[in-house]
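Since the structure comes first, as structure tokens, the remarks are kept for the end.
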Amino acid sequence: MGTQKLAVYGGARAVPEGLIREWPPVDETDKDLVMKSLMGGKHAFGPNCEAFQKEYAKWNGSKYAIFTNSGTAALHMGVYACGIGAGDHVLVTSYSWSSSATCILHHNAVPIFVDIDFNTINMDVDKIEAAITPRTKAIIVVHLHGLAVNMEKVLAIAKKHKLKVIEDACQGHGAMFRGRKTGNWGDCGAFSFNQNKCLCSGEGGMFVTDNEQIYKDALKLWSFGETSTPSEKRDYHAYALGWMYRGSDLVAAFGRAQLAKIDGYIKIQNENAAVLNKRLKELKGLILPYEPERGMHNWYNYTSRIDMDAIGWKGNQQAMRNAVMKALQAEGVPVGVWQSFALPEMTVFRAKNAYGHGCPWSCNGAGDGVEYKIEDYPMAVKHTDTHFGMTTPLRAPNRTDVAEKVADAFIKVFENIDKIDPDKILK
Ligand SMILES: Cc1ncc(COP(=O)(O)O)c(C=O)c1O
């Protein structure tokens with residue numbers, strides 16, 4: 001393929017137009033449940049919300065589940081229900097979605113970042129202990145891109161230092177560590193059902209826990225500080241500081257219909273990823289996603305990195321990465337950069353002023369000695385400069401015929417990598 005003309009320079013594209021179909025597949029079962037909800041007259045926290053909670057808890061193997069209007073809401077509920085308050089420190093990975101860490105600020109606590117392990121892109125579990133301070137109360141682990149964190153190591157550290165563990169499983173549906181699904185390892189977990197997630201209900205989320213007290217506390221934050229759910233007899237009394245994090249019946253109906261198909265979806269994602277892993281493994285310059293021996297990936301995002309040394313690139317790394325992405329896009333592969341900033345680089349943390357008046361950092365000296373210097377997170381920086389990912393081609397209804405074409409495109413681009421000129425492509 002090294003002699004083929006790249007599509008970005010006017011050659012024929014490797015992936016035919018229209019071959020890759022959109023996520024998620026919607027069929028009669030989705031339409032049926034959503035229409036029944038629409039005509040059912042209970043549009044707020046209705047019967048589909050209750051059923052979705054039960055069905056999700058059963059599917060995930062969790063004792064309690066609370067349906068929320070986002071994954072971020074579920075994370076914030078976890079922070080509160082784990083007893084974290086003003087001025088506490090919470091450890092979190094240095095590379096994730098912003099709300100993996102802003103959920104800590106939501107409860108006026110201070111995030112302390114831990115660098116990632118470059119191979120797994122997850123929090124480097126061997127760097128957790130060094131980040132613990134006398135104020136540390138909890139660890140938020142993120143099962144990034146559907147690869148479960150080594151939870152045995154995390155739980156051992158948490159036990160030793162008496163810390164709570166919150167799992168950000170917003171990308172982790174069905175992903176397993178040693179045969180056990182995410183969300184069930186720590187004190188509680190949070191899932192997202194936003195558009196791109198392995199379970200899409202449009203927007204939405206689920207809080208899960210096996211702990212009755214954590215469940216009861218999370219319920220308060222979820223719904224106006226009340227102790228009863230909308231399906232029970234309410235006294236409309238705010239017993240605690242509450243938000244309004246409930247999901248709606250229409251969204252739950254869509255989520256339920258998709259949940260019935262999720263095992264099939266995850267199987268397809270694994271089959272498609274297997275094609276890519278096999279065909280791309282010898283490709284010079286491409287670092288493929290880490291494949292766990294000890295668990296199951298859900299392949300939420302097939303994230304690769306460019307090995308700049310292997311391709312002999314000495315110039316600006318982001319420019320080269322962006323040019324390679326453009327070349328792949330021109331071949332018909334929808335690749336993109338999921339998150340281009342490491343969390344400690346984000347202004348919301350650097351400005352140290354989330355709640356105004358310098359809070360939470362100014363709270364009882366909570367921010368003393370806390371610095372967000374990007375040099376402290378070299379693996380996160382290396383990752384942000386060189387990675388790119390894709391979701392849709394791995395998802396149903398796309399099958400291995402699509403994965404084969406996508407593999408053709410990767411091979412074509414990487415076998416012609418010496419012809420990729422960022423100055424020409426990015427102008
Ligand atoms: C790792 C991670 N955490 C948290 C979230 C937040 O989920 P939501 O958008 O449902 O609030 C997302 C979603 O983008 C995510 O990817």
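Based on what the data block shows, is residue 393 buried (at least 16 other Cβ atoms within 10 Å of the Cβ) and in contact with a helix residue (DSSP H, G or I) (Cβ under 9 Å, 6 or more places away or on another chain)?
Details: buried (at least 16 other Cβ atoms within 10 Å of the Cβ): yes; in contact with a helix residue (DSSP H, G or I) (Cβ under 9 Å, 6 or more places away or on another chain): yes.
Yes, satisfied.
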Legend entry - Matching residues in the range 216-246 - criterion: being of a type in the set (Ser, Thr, Tyr) and closer than 18 Å to residue 103 by Cβ: 223, 245
Legend entry - Positions within the range 201-227 being more than 15 Å from the ligand (Cβ to nearest atom), hydroxyl-bearing (Ser, Thr, Tyr) and crowded, with 19+ Cβ neighbours inside 10 Å, in sequence order: 209, 215, 223
Inset, instruction - Could you identify the single residue in 72, 102, 120, 68 that is in contact (Cβ under 8 Å) with a residue 12 or more places away in the chain, among the polar types (S, T, N, Q) and out of contact with any helix residue (DSSP H, G or I) (no Cβ under 7 Å at 6 or more places or on another chain)? - result: 120
Inset, instruction - Using the structure shown, decide if residue 310 is in a helix (DSSP H, G or I) and not aromatic (Phe, Trp, Tyr). - result: no
Legend entry - Sole exception among (1) closer than 13 Å to residue 417 by Cβ; (2) surrounded by fewer than 18 Cβ atoms within 10 Å (Cβ to Cβ) for residue 355, by number: (1)
Legend entry - Residue check, residue 251 crowded, with 19+ Cβ neighbours inside 10 Å, more than 15 Å from residue 23 (Cβ to Cβ), within 12 Å of the ligand (Cβ to nearest atom) and of a type in the set (Val, Ile, Thr): yes
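Output yes when any residue across the range 20-31 is away from the ligand (no atom under 16 Å from the Cβ) and buried (at least 19 other Cβ atoms within 10 Å of the Cβ), and no when none is. I'd like the intermediate steps shown before the answer.
Taking the range 20-31 as the starting set, the residues that turn out to be away from the ligand (no atom under 16 Å from the Cβ) are 20-22, 25-31.
From what is left, the residues that are buried (at least 19 other Cβ atoms within 10 Å of the Cβ) are 20, 30.
Scanning the range 20-31 turns up at least one residue that is away from the ligand (no atom under 16 Å from the Cβ) and buried (at least 19 other Cβ atoms within 10 Å of the Cβ).
Please tell me if residue 393 is in contact (Cβ under 8 Å) with a residue 60 or more places away in the chain and closer than 23 Å to residue 339 by Cα.
Values: in contact (Cβ under 8 Å) with a residue 60 or more places away in the chain: yes; closer than 23 Å to residue 339 by Cα: yes.
Criteria met by residue 393.
Looking only at strands (runs of 3 or more DSSP E) that lie completely in the range 75-188, which have at least 3 residues being within 12 Å of the ligand (Cβ to nearest atom) and either farther than 28 Å from residue 226 by Cα or aliphatic (A, V, I, L, M) (or both)?
136-142
Being away from the ligand (no atom under 11 Å from the Cβ), within 19 Å of residue 48 (Cβ to Cβ) and in contact with a Ser or Thr (Cβ under 8 Å, 6 or more places away or on another chain) is the filter here, so list the residues in the range 63-74 that pass it.
Going through the range 63-74, the residues away from the ligand (no atom under 11 Å from the Cβ) turn out to be 63-67.
Imposing the further condition that a residue be within 19 Å of residue 48 (Cβ to Cβ) reduces the set to 64-67.
If the condition is that a residue be away from the ligand (no atom under 11 Å from the Cβ), within 19 Å of residue 48 (Cβ to Cβ) and in contact with a Ser or Thr (Cβ under 8 Å, 6 or more places away or on another chain), then 64 is the only one that fits.
Determine if the range 148-170 includes at least one residue that is more than 18 Å from residue 91 (Cβ to Cβ) and of a type outside the set (Phe, Trp, Tyr). Outline the logic, then answer.
Of the residues in the range 148-170, the ones more than 18 Å from residue 91 (Cβ to Cβ) are none.
For the range 148-170, residues more than 18 Å from residue 91 (Cβ to Cβ) and of a type outside the set (Phe, Trp, Tyr): absent.
Would you check which residues across the range 328-354 are part of a helix (DSSP H, G or I) and either within 14 Å of residue 389 (Cα to Cα) or at pLDDT below 95 (or both) and list them? Before you say what the answer is, go through the steps one by one.
Step one: list which residues in the range 328-354 are part of a helix (DSSP H, G or I), which gives 328-330, 343-345, 347-350.
Selection gives 328, 329.
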Inset, instruction - Taking the options 369, 356, 332, name whichever one is in contact with a Lys or Arg (Cβ under 6 Å, 6 or more places away or on another chain) and on the phi > 0 side of the Ramachandran plot. - result: 332
Legend entry - Pair list, Cβ under 7 Å, 6 or more apart: the range 400-427 residue more than 13 Å from residue 327 (Cα to Cα), other residue of a type in the set (Lys, Arg): 407/279
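Residues that are in contact with a Ser or Thr (Cβ under 6 Å, 6 or more places away or on another chain) and not aliphatic (A, V, I, L, M): does the range 126-136 have at least one? Break it down into steps so the answer makes sense when it comes.
Step one: filter the range 126-136 for residues in contact with a Ser or Thr (Cβ under 6 Å, 6 or more places away or on another chain), giving none.
No, the range 126-136 has no match at all.
Going residue by residue through the range 223-240, is there one that turns out to be under 23 Å from the mean Cα position of the chain (by Cα) and either of a type outside the set (S, T, N, Q) or within 21 Å of residue 396 (Cβ to Cβ) (or both)? Walk me through it before giving the result.
The initial filter retains those residues of the range 223-240 that are under 23 Å from the mean Cα position of the chain (by Cα), namely none.
No, every residue in the range 223-240 fails to be under 23 Å from the mean Cα position of the chain (by Cα) and either of a type outside the set (S, T, N, Q) or within 21 Å of residue 396 (Cβ to Cβ) (or both).
Is at least one residue of the range 392-411 within 18 Å of residue 311 (Cα to Cα), within 19 Å of the chain's Cα centre (by Cα), outside any helix (DSSP H, G or I) and outside the structural domain of residue 89 (by TED's automatic domain parsing)?
So far as the range 392-411 goes, no, none of its residues is within 18 Å of residue 311 (Cα to Cα), within 19 Å of the chain's Cα centre (by Cα), outside any helix (DSSP H, G or I) and outside the structural domain of residue 89 (by TED's automatic domain parsing).
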Legend entry - Index of the failed condition, residue 321 passing every other in (1) surrounded by 14 or more Cβ atoms within 10 Å (Cβ to Cβ); (2) without any contact (Cβ under 8 Å) to a residue 40 or more places away in the chain; (3) more than 30 Å from residue 369 (Cβ to Cβ): (2)
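Determine, yes or no, whether residue 37 is crowded, with 18+ Cβ neighbours inside 10 Å, in a loop (DSSP other than H, G, I, E, B), more than 16 Å from the ligand (Cβ to nearest atom) and of a type in the set (Ser, Thr, Tyr). First the steps, then the outcome.
Numbers: crowded, with 18+ Cβ neighbours inside 10 Å: yes; in a loop (DSSP other than H, G, I, E, B): no; more than 16 Å from the ligand (Cβ to nearest atom): yes; of a type in the set (Ser, Thr, Tyr): yes.
The answer is no for residue 37.
The values are calculated or read from the model by the stated rules, or taken from the named source; none is laboratory data. The model shown is predicted, which means the values in this text are computed figures rather than measured ones. Virtual Cβ from ideal backbone geometry, glycine too; neighbours counted across all protein chains shown.
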